[in-house]
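Working notes, structure below.
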Amino acid sequence: MASSISLVHVFTILVTIVMSRFAQFDARTSLNVLSFGAKPDGVVDSTKAFSDAWDSACQVEDSAMIYVPKGRYLIGRVLRFEGESCRSREITLRIDGTLIGPEDYMLLGKEENWISFVGVHNVTLLGGSFDAKGSTLWSCKANGQNCPAGATTIRFMDSYNVKIIGVLSLNSQLFHIVINRCKNVKIEDARIIAPGDSPNTDGIHIQKSTDIEVRNSSIKTGDDCISIGPGTKNLMVDGITCGPGHGISIGSLAKGLEEDGVVNVTVKKAVFVRTDNGLRIKSWPRLSKGFVERVRFLGALMVNVSNPILIDQNYCPGDSYCPTEGSGIKINDVIYSGIMGTSAKKVAIKMDCSEQFPCTQIRMQAINLTYHGGAATTACINVSGKQLGLVIPSGCI
């Protein structure tokens, strides 16, 4: 009997220890920005309150959630969340309200970022609207005045294990979301909105980052819906609706001689509506050690798109002071498959590849693009590869 009691006692102790460990893992400290002085009236600057809430969350050893209730919160200055000194196992920033920028574009216009996350890990940005009020800066640029470049709305830099879910970004001064030098980032159910004539308002820009996913998002903007810069590796883009905008672009590349390559990129189930471009690879006509390799464009619908399929290795917007040495970017192993719809121009497939480094292993299959209900054409140079199955219009390879 004593032996049985002893065993039961030991078992109970073990169960208690295990359950306490699970309770520790499930623990979450909740921090409300209102408790730190944030005001949901859109008038009082809440920048410091958000910063203080982050600093407190970083001191929590288990999981922490920063909660932003409904309302409008003025973030009138640069807001920077740093992870270097964070002790927290994970932080969720849950936003049910709207963060708004200042009316005076000069307060942020000379800064690189409005809201940035630097050196963070295991962070989730959940929900929320971000209204940068960029229209006054765009007007300044349109009038040819001496204007600042503008700030990116949300930037993650030097971070890993990041989730961005259900975010709405409105009227960014410059880029909406930037992922730079990051690893394992998932962006889901994002909505990005800016007018089609808003300058340099790329929806999502990714560079020098690995293992990135962008899924089920709608992007309407004045520049690339998604731009993929040097050093991007293992990128999945799935279920994007783009338009207005300049399409989904790899590049621009060849901005300098020493440049990392873009490798293993998949774009699938994309819809382009009246965009300037659909699926684009672009590089300046400049020497570079960069490259593009293992790219898959799978399943896209084009609705009155000006350049549904485009490789442009003589990219030089404005056609002034253009480099003349020719692009050094090597483009190899690119597949276009399951692409259909309508082109706004007669030429639906254009590949203007480098004479010195032609595009190689370009494969096309199951493509059907028309122009005003009739036949579209191709314009391709310095390209080699294979046409597998039905390709309309044909003749590029």
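The values are calculated or read from the model by the stated rules, or taken from the named source; none is laboratory data. Computed from a predicted structure; not experimentally measured. Backbone-built Cβ (ideal geometry, glycine too); neighbour counts: all protein chains shown. Surface areas here come from the heavy atoms of the whole protein model, side chains and all, with no ligands, DNA or RNA. Shrake-Rupley method; radii C 1.70, N 1.55, O 1.52, S 1.80 Å.
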Going down the list 186/350; 48/163; 70/269; 345/386, which pairs span over 30 Å between their C-alpha atoms?
186/350; 70/269
Roll a 1.4 Å probe over the protein chains and send me the accessible area per residue for region 266-397 in Å².
44 Å²
Where only C-alpha atoms are counted, convex hull volume of region 32-203 per residue in Å³:
98 Å³
Placing unit charges on C-beta atoms (Lys and Arg positive, Asp and Glu negative, everything else neutral), compute the dipole magnitude of the chain about its Cα centre in debye, rounded to 20.
780 debye
Got the relative contact order for the chain handy, in percent, Cα pairs under 8 Å and 6 or more residues apart?
7 percent
Cα gyration tensor shape of region 313-385, rounded if a/c is under 1.5, else prolate or oblate by comparing a/b with b/c
oblate
What percent do you get for the relative contact order of region 144-232 when only Cα pairs under 8 Å and 6+ apart count?
27 percent
Accessible area per residue of region 32-203 at 1.4 Å probe, in Å²?
41 Å²
Region 271-317 - share of DSSP beta bridges that are antiparallel (%, nearest 5):
0 percent
Under 10 Å, Cα contacts only: if you run a Gaussian network model on the chain, which one of 134, 101, 144 comes out with the highest mean-square fluctuation?
144
Kyte-Doolittle mean at least -1.0, axial Cα span of 18 Å or more - DSSP H helices of the chain:
2-26
Can you list the trypsin sites (Lys or Arg not before Pro) in region 106-169 that are in a DSSP coil and have 15 or fewer other beta carbons within 10 angstrom?
110
Helix-only mean residue ellipticity at 222 nm for the chain, each DSSP H run of n ≥ 4 adding -39500 (n - 2.57), per residue, nearest 500:
-4000 deg cm²/dmol
Length-normalised contact order of region 32-203, Cα under 8 Å, at least 6 apart, in percent, tallies to 17 percent
Once a ≥ b ≥ c are taken as the square roots of the eigenvalues of the Cα gyration tensor of region 172-273, is the result rounded (a/c under 1.5), prolate (a/b larger than b/c) or oblate (a/b not larger than b/c)?
oblate
The chain: most fluctuating residue of 192, 164, 177 per GNM, C-alpha cutoff 10 Å:
164
So which of 39/220; 233/268; 141/346; 141/183; 141/233; 141/282 end up more than 28 Å apart by C-alpha?
39/220; 141/346; 141/183; 141/233
Mean-square fluctuation maximum in Gaussian network of the chain, Cα pairs under 10 Å, restricted to 186, 268, 70, hits 70
From the alpha carbon gyration tensor of the chain, can you work out the equivalent ellipsoid semi-axes (sqrt of 5 times each eigenvalue) and give them in Å, largest to smallest?
43, 28, 18
Counting only other residues whose beta carbon sits under 12 Å from that of residue 259, what net charge do I get with K and R as +1, D and E as -1?
+3
Could you compute the net charge surrounding residue 382? Neighbours are other residues with a C-beta less than 11 Å from the C-beta of residue 382; K and R count +1, D and E count -1.
-2
Using a/c under 1.5 as the rounded threshold, could you call region 249-344 rounded, prolate or oblate? The axes a ≥ b ≥ c are square roots of the C-alpha gyration tensor eigenvalues, and prolate needs a/b larger than b/c, oblate otherwise.
oblate
Expressed as a percent, the accessible surface of the chain that is carbon or sulfur, using a 1.4 Å probe and the full set of protein chains, is 53 percent
Within region 117-217: Cβ-based charge dipole about Cα centre, in debye rounded to nearest 20 (Lys, Arg +1; Asp, Glu -1)
160 debye
Centroid-to-centroid separation of region 257-311 and region 142-206 [C-alpha atoms, Å]:
19 Å
